[in-house]
Every structure is written in C-alpha cells, then in structure tokens.
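The values are calculated or read from the model by the stated rules, or taken from the named source; none is laboratory data. Keep in mind that what you see is a predicted model, and the values were worked out from it rather than measured. Virtual Cβ from ideal backbone geometry, glycine too; neighbours counted across all protein chains shown.
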Amino acid sequence: MKTRESASPATASSGSGPASQQGDAWFRERAASSNWVLRDSVATRLACPPTILSQLTRDECWVVRASVARNPATPLGALLILMVDDEEYVREAAEHTIARVHSVPRASHIISR
C-alpha cells in the first residue's frame with residue numbers, strides 16, 4: 001500500500017484542470033521538503049513542471065542538481081545555469097543532456113566558465 005508521502009500524482013503530465021493542479025501540488029510539496037531524497041525524487045520525474053525543475057537548479061544538494069541536469073524535461077535555460085555549477089558532475093550531466101536533448105554538440109563552448 002502506498003503512503004500519502006510516496007504516492008505519485010495520477011495525471012501530473014496533463015496540461016490543465018483539477019488533475020494537473022493536484023499533480024503540481026504533489027511536485028511543489030516535495031520540492032520544498034527539507035529532505036533531499038524527496039527533492040531528488042521530484043528532480044528525476046519527466047512529468048515535473050519546468051518551473052519546479054528550474055527552481056531545483058539552486059538546490060543546496062548537488063545530488064538534486066545533478067538529477068535536474070540529467071532530466072530531459074529540464075528547460076534549456078536551467079541546463080545552461082547548471083553548466084556553471086560548482087560541482088563537475090553536475091556540469092557534465094547538464095552538458096550531456098543539452099547535447100542529447102537539444103542537439104547542441106559540445107555545449108561547453110556556449111558557456112565560458
């Protein structure tokens with residue numbers, strides 16, 4: 001049996017209406033958690049709203065930022081922010097996602113560190 005904490009939103013990827021509002025609330029609640037594991041579980045989901053993924057680019061935990069960087073649903077602007085992250089792994093993950101999802105080879109040439 002799933003607990004309220006672990007249950008995923010039923011229709012988090014739909015565009016509008018009560019079901020997507022419930023899904024967005026699920027993501028918002030966990031993204032604001034003090035528990036990095038919950039924030040990371042949000043960052044890994046393809047259905048995560050782009051605004052929340054963008055917010056998580058500033059997360060204090062590099063593991064969460066790395067998950068955002070690996071998520072193909074992360075907006076390009078957020079990935080560019082992660083390209084200059086303090087953690088090398090996060091930067092490399094962002095570069096890989098930019099190259100894979102946005103077809104920009106060697107994305108590190110876009111940003112000067």
- Hits in the range 46-70 - residues which are outside any helix (DSSP H, G or I) and either of a type in the set (A, V, I, L, M) or in contact with a Leu (Cβ under 9 Å, 6 or more places away or on another chain) (or both): LEU46, ALA47, CYS48
- Message: Looking at the range 57-71, can you tell me whether even one residue there is of a type in the set (D, E, K, R) and either modelled with pLDDT under 55 or over 12 Å from the mean Cα position of the chain (by Cα) (or both)?
- Response: yes
- Positions within the range 3-45 being at pLDDT below 95, out of contact with any helix residue (DSSP H, G or I) (no Cβ under 9 Å at 6 or more places or on another chain) and not in a helix (DSSP H, G or I), in sequence order: THR3, ARG4, GLY15, SER16, GLY17
